[in-house]
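First up is the structure itself, then whatever we jot down about it.
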Amino acid sequence: MIHSLFIINSSGDVFMEKHWKSVIPRSICDYFFDAQRKASGNEDIPPVITTPHHYLISVLRNNLFFVAVCMTEVPPLFVIEFLHRVVDTFEDYFGECTESIIKEHYVVVYELLDEMLDNGFPLATESNILKELIKPPNILRTIANTVTGKSNVSATLPTGQLSNVPWRRSGVRYTNNEAYFDVTEEVDAIIDKSGATVAAEIQGYIDCCVKLTGMPDLTLTFINPRLFDDVSFHPCVRLKRWESERVLSFIPPDGNCRLLSYHIGSQSVVAIPIYIRHNISFRDVGGGRLDITVGPKQTMGRVVEGVVLEVPMPKCVLNCNLTVTQGKYTFEPVTKVLRWDLGRIEPTKLPNIRGNISVQSGPPVTESNPTINVQFTITQLALSGLKVNRLDIYGEKYKPFKGVKYITKAGRFQIRT
């Protein structure tokens, strides 16, 4: 299955490698670097790269590339899911997953990878099971291990590993019992020059933080579950119950987990929450002109926050002399990217940026205008209209605190000019 794992930083340095079977030389990453040079951006690198004797399967998280090397043909999504689970485990253990954090906790990282994969096959990937096997690092434990020479690895097998509910440890007790769910939706859209939607879809997921005593059995129901086009569940969800009743029935893992991922495709009507009026032009003499106005659209009364516009300019652009009515802008002369960070949009006063673009005198003017990449966040709104109806708990007598939060964000949201 998976023979080796290489972790590569944004500078192209392999700063960590792990081998489960035979040692594969680091030079295998040259195939990945070739694909990286050919791609227009890091997100456009093919996730599966075929070489004469190996398959390289990679994911990009937190500006780090996690590249798995396989010597036989394997289901790519299986390996991609495992790599994402590795990053999620690192974030759960260390708070974040960055190059400096991984280097600081090399020993624990190697211990985790040894437990998560056995002879190239995934073994233990549930965070609470791993925490029973390998204690999360803290200052006191690090000092004690340094003095005594002990490791973080437990000498006993986790109790959940032998049960039919391997994702939840036994004997869980909390003073305050609580269950919180975050419904997050990312909007991927392409808007043409006239403002019409070329393509739009929603990638959503439901994350939960469950801290409940004992072995509770939860049932989560939705007001409109037929919205889902495609779904992916955590192993704790009972699939037959979902297929027959469209109800999420599960014994939850202890702590944080991603309960459900879903996709709402183009055949559904996806509301676009923001509109942009734009006029970008380039001339042979006197440079160019830029005028962009941003406004809310179909937000159900919610405020659009954290709005950022990025415009990758043509190489002939030297500088931008612009005036903004809200926020601030920067132009990076090396990458030729104009970034406008305007914050939240007030419907009464629409943000605007306008001004002149300085262009090189020699080369011909660009044939096509740049695209506008948009980022935004809307709290307490699920753009698809998805709503949680109720959460019921069985098997335990206490009444927990319950809460649901909705967030809509921009995924790959592009405006063609």
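Relative contact order, whole percent, for the chain stands at 14, derived from Cα pairs under 8 Å and 6 or more residues apart.
Close amide H partners of Asp254, meaning residues 5 or more places away or on another chain with modelled amide H under 5 Å apart, are Arg169. Packing around the peptides 405-415, 16-26, 348-358, taken as the average count of other Cβ atoms within 10 Å per residue, puts them in this order, highest first: 405-415, 348-358, 16-26. For region 164-240, trypsin sites (Lys or Arg not before Pro) meeting the loop criterion (DSSP other than H, G, I, E, B) and having at most 11 other Cβ atoms within 10 Å: Arg173, Lys193. Around Leu117, under 11 Å between beta carbons, what's the net of Lys plus Arg minus Asp minus Glu among the other residues? Here the charged neighbours net out to 0. Note on the chain: dipole from Cβ charges, positive end direction compared against Leu64, Thr408, Leu239; the farthest Cα belongs to Thr408.
Count neighbours as other Cβ atoms within 10 Å of each site's Cβ, and list the GluC sites (Glu not before Pro) in region 300-403 that are DSSP loop with at most 16 such neighbours.
When the GluC sites (Glu not before Pro) of region 300-403 are filtered for loop state and at most 16 Cβ neighbours within 10 Å, Glu367, Glu396 remain.
Once all protein chains are placed together, His278 keeps about 40 Å² accessible to a 1.4 angstrom probe.
From its DSSP helices (H runs of at least four residues, each -39,500 (n - 2.57)), the chain gives a residue-normalised ellipticity at 222 nm of -5000 deg cm²/dmol. Cross-link reach is defined here as a Cα-Cα straight distance under 26 Å, omitting same-chain residues fewer than 8 places apart; for Lys211 the lysines meeting it are Lys131, Lys135, Lys240, Lys387, Lys397, Lys399, Lys402, Lys405. In this simple spin-label approximation, Ala39 and Met71 carry label points 7 Å from Cα along the Cα→Cβ vector, and these lie 2.6 nm apart. Between amide H atoms placed 1.01 Å from N, distances below 5 Å from Ala410 occur with Val187, Phe376, all of them 5 or more places distant or on a separate chain.
Would you indicate which of [x] 26.8, 91; [y] 24.8, 78; [z] 21.8, 72 is the value of Rg and Dmax of the Cα atoms in Å derived from the coordinates of this structure? The value matching this structure is [y].
Given a 1.4 Å probe and heavy atoms of the protein chains only, how would you sort Phe15, Phe32, largest accessible area at the top?
Details: Phe15 25, Phe32 0 Å².
Largest accessible area first, the residues go Phe15, Phe32.
The values are calculated or read from the model by the stated rules, or taken from the named source; none is laboratory data. Because the structure is predicted, anything quoted here is derived from the model rather than measured. Virtual Cβ from ideal backbone geometry, glycine too; neighbours counted across all protein chains shown. Accessible surface is based on the protein model in full, side chains and every heavy atom, while ligands, DNA and RNA are left aside. Shrake-Rupley method; radii C 1.70, N 1.55, O 1.52, S 1.80 Å.
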